[in-house]
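Rule-based calculations on the coordinates, nothing more; no lab input. Note that the structure is predicted; figures quoted are calculated from it, not measured. Here the Cβ is made from the backbone with ideal geometry for all residues, glycine too, and neighbour counts use every protein chain on show.
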Amino acid sequence: MLLNNGKRTNVDRLYITDLDGTLLQDDATLSPWSRHILEELLTDGLPFTIATARSHASFRVLLAGLPLSLPVIEFNGAYLSDFASGEHLFVQELATPVAADVLETIHQQGLTPYVSSFDGEADRLYCPPAVNAGMEWYIADRRSHSDPRLQFVDDVSIGLADQIVCITVIGDETSTRQLHQDLLQQRDGQLRMYHWQNDYSPGWHWLTIQDIHVSKAHALEELVARYVETPCEIVAFGDQNNDIEMLTHADRPIAVANATDELKALATEGIGPNTQDSVARYLQEEWQRTR
C-alpha cells in the first residue's frame with residue numbers, strides 16, 4: 001500500500017490520529033510499546049496516518065522508523081505531506097494581503113510573531129528575537145531537534161514572499177486572548193485560529209493564525225479524494241478542540257480519556273488516556289479481530 005508513488009489504494013477502513021495528548025505521552029514522546037505495536041501493524045498493512053498541529057520537522061524524529069506510507073496531515077491541515085521526504089502534496093496558504101494585515105495588527109499590539117511558510121522549495125520558520133520565556137522555550141525546543149526551517153531574522157515580514165501557512169504568537173494569556181478577539185472582529189470568516197496554553201511550557205499561551213479553510217477535516221478529505229480508491233470508514237482519534245472537525249467528519253470518532261469535554265461530547269467511543277498507549281492498544285485489538 002505505497003501511496004506516495006501516486007497510486008491509489010482500496011481499503012475498507014482508514015485510521016487517523018492526533019499526536020500530542022492522543023498518541024504521544026505527556027512528555028511528547030512515542031512510548032517504546034506503542035512504537036513496537038505500530039511498526040508491526042503498519043508492516044502488516046494497517047491503513048493508518050496522523051493529523052497534527054506539528055510540522056514535519058517537529059514530528060519526523062518522534063516517529064522515525066515507522067513505515068508510514070499514507071500521506072500525513074501537518075499544521076492542522078495546512079499541509080498534506082509525504083512522511084518519508086516531507087514533500088507537500090497539498091498546501092493551504094494564507095492570502096498575502098491578509099497575512100500582511102495580520103502581521104501589522106500583531107505589531108501594533110506590541111507582540112512578536114513567528115511565521116511558518118513554504119518558499120516553493122523548503123519550509124521556513126522565520127524567528128524574530130525572543131521577547132519572553134515562552135518564545136525562548138520554543139526556540140530551544142526547535143534547536144534541540146535541529147529544525148532545518150529555522151531562519152533568524154529581525155523582521156518576519158520577509159515571509160510574505162512565501163506561501164505562509166501559519167502565524168504564531170506566544171505570550172501571556174491576556175495579550176494573546178485580546179489579539180484573538182481583535183482578529184475575529186477584523187477578519188471574521190477569513191481566519192482559522194486556535195488559542196491555548198502550551199502544556200510543555202506552562203504559563204505561556206499560543207495563538208495560531210491560519211487561512212479559514214485550514215482544518216484537519218479538509219486535509220483528510222483531500223487525502224481520501226487523492227489516494228483512496230473507494231469510500232471507506234474513517235476512524236479518528238483526538239483529544240483537543242482542534243480535532244473537533246476531524247472527528248465530526250469521521251464515521252467513528254474516538255476520544256481519549258483526557259480529551260476536552262467538547263470532544264468527548266461528539267465521540268461515539270471513549271478509550272483510555274494517552275499515557276496508557278490507548279490508541280495503539282485499540283488499533284492492535286481491532287486489527288487482530290478484523291483480520
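Round to a whole angstrom and tell me the spacing of the C-alpha centers of the range 95-134 and the range 37-69.
29
Mind checking the full-extension length gain between GLN288 and THR268? Use 0.36 nm per residue of separation minus the Cα-Cα distance, one decimal, nm.
5.1 nm
Using the Karplus curve 6.51 cos²θ - 1.76 cosθ + 1.60 with θ = phi - 60°, work out ³J(HN,Hα) for each residue of the range 213-225 in order, rounded to whole Hz, and write x for Gly and Pro.
Going residue by residue, I get 7, 6, 6, 4, 5, 5, 5, 5, 4, 4, 4, 5, 4 Hz, with x marking Gly and Pro.
Taking the simple approach of a point 7 Å from Cα along Cα-to-Cβ for both ILE158 and ASP12, what is their distance in nm?
Going from the ILE158 label point to the ASP12 one covers 5.4 nm.
Could you give the dipole magnitude of the chain about its Cα centre, charging the beta-carbon of Lys and Arg +1 and that of Asp and Glu -1, in debye to the nearest 20?
Magnitude of the dipole: close to 480 debye.
Using just the alpha carbons, could you tell me how many Å³ per residue the convex hull of the chain encloses?
124
Cβ under 9 Å from LYS216's Cβ, LYS216 left aside: what net charge do those residues give with Lys, Arg +1 and Asp, Glu -1?
Here the charged neighbours net out to -3.
According to a simple spin-label model (label point 7 Å from Cα along Cα-to-Cβ), what is the distance in nm between GLU87 and HIS107?
The answer from the label model is 3.7 nm.
Once the other residues with Cβ under 13 Å from the Cβ of GLU87 are scored (Lys, Arg +1; Asp, Glu -1), what is the net sum?
That works out to -3.
Quick check: residue separation of ARG143 and GLN181 times 0.36 nm, minus the Cα distance between them. What number comes out in nm?
In short, 10.5 nm is gained.
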